1. Limited to region 41-80, what total is found for residues that are of a type in the set (Val, Ile, Thr), within 19 Å of residue 266 (Cβ to Cβ) and free of Cβ contacts under 8 Å to residues at least 60 places away in the same chain?
2. Please count how many residues of region 196-211 are open to solvent by 30 Å² or more (accessible area, probe 1.4 Å) and touching a Phe, Trp or Tyr at 6+ places or on another chain (Cβ under 8 Å).
3. Within region 53-84, restricting attention to residues that are part of a helix (DSSP H, G or I) and of a type in the set (Asp, Glu), which residue is surrounded by the fewest Cβ atoms within 10 Å (Cβ to Cβ)?
4. May I ask you to say which residue of 223, 272 is out of contact with any Phe, Trp or Tyr (no Cβ under 9 Å at 6 or more places or on another chain), within 30 Å of residue 52 (Cα to Cα) and buried (at least 16 other Cβ atoms within 10 Å of the Cβ)?
5. Please find, within region 137-155, the residue that is nearest to residue 249 (Cα to Cα) out of those that are of a type in the set (A, V, I, L, M, F, W, C) and touching a helix residue (DSSP H, G or I) at 6+ places or on another chain (Cβ under 6 Å).
6. From the list 252, 278, which one is open to solvent by 20 Å² or more (accessible area, probe 1.4 Å) and either under 21 Å from residue 191 (Cβ atoms) or of a type in the set (A, V, I, L, M) (or both)?
7. Restricting to region 88-117, what's the tally of residues that are within 20 Å of the chain's Cα centre (by Cα), β-branched (Val, Ile, Thr) and either crowded, with 16+ Cβ neighbours inside 10 Å or not in a helix (DSSP H, G or I) (or both)?
Amino acid sequence: MKKILLITTLLLTLVGCASASIEAPSNNELFSINGKVYTEADVFNSMHLSTGALQVVRLEAQSVLLNTLVEEDSNFQTQLDEMLAEVKESIGDNFDIFLKENGFETEAQYVDEILKDSVKLNILLAQVMSDDYEALKVKRPREVRIVELDADKAEAALAAAKSGTSLEDVAEEFGRTAATNRGNITLVSELSTLDTGPLNVLLNATEVGLFEEIIPASTGSVKYLVEVVNLDADAIKDAAIEVFAQDQTLSNQYLSELFIKHEFKLYDQSLKDRFKENYPDYIK
């Protein structure tokens, strides 16, 4: 089965040919059930058009693209070291167990097979989004501070903020337990998943400073205290791109454009047709 999967991953290229078809390398018997014998060709034909196979093809093509467009220079190495450190810090003492449970014999194998492509993807997305930042600015990125509050503490929190207490200190004293937003500087845009009540206020703000009213959530009883820190999209470009690169829809949009630009094609016509059904923006 592993052999078939590996064959499937080789059905792609960034330069290809027109109509063609790929067949299993042999018709050897694989297994039988109730007297019915199934061959390698039987399994191959069902697997190479499966959803899982399509995902493998896309990811392998993406890896080819990343290795072509992103150099393993000093910047790459710095980001790779930082990502590995973050993973280790997140997992803690169970890192070796994590490696074994996920099929990696060594840390180096994990770095080569997983982290390198992750870092290259971050670098590539940052590059293309930076080049296209004028278009991305229409999503109204801005730096803000947000404090999530229970209704019974909202007015006291607002009074403290108006008296000059920082929103981080306000959140410490009045904020909801385990709230995501606790007065630290964060970036919001039209892509944010923040409740639409405070998000609309922040996106429509034209001046920096504390919003001097409590903002109710669009649904539920949560209240919000908000402050606009920076409205200059150019000044926060790096921070905005870092956030935009984490948005799955936006990332897929830019990746699909890169697939087309670099002439991604498939050898197998049936696979190509199936791929276009699932990833229509990735292939012509």
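1. Total satisfying the criteria: 2.
2. 1
3. The extreme case among them is 82.
4. Answer to the selection: 272.
5. Result: 144.
6. 252
7. Count: 1.
The values are calculated or read from the model by the stated rules, or taken from the named source; none is laboratory data. As the structure is a prediction and not an experimental result, all values here were calculated from the model. Methodologically, a virtual Cβ is constructed for each residue, glycine included, from the backbone with ideal geometry; neighbour enumeration extends over all protein chains shown. All accessible areas refer to the heavy atoms of the entire protein, side chains included, with ligands and DNA or RNA removed. Shrake-Rupley method; radii C 1.70, N 1.55, O 1.52, S 1.80 Å.
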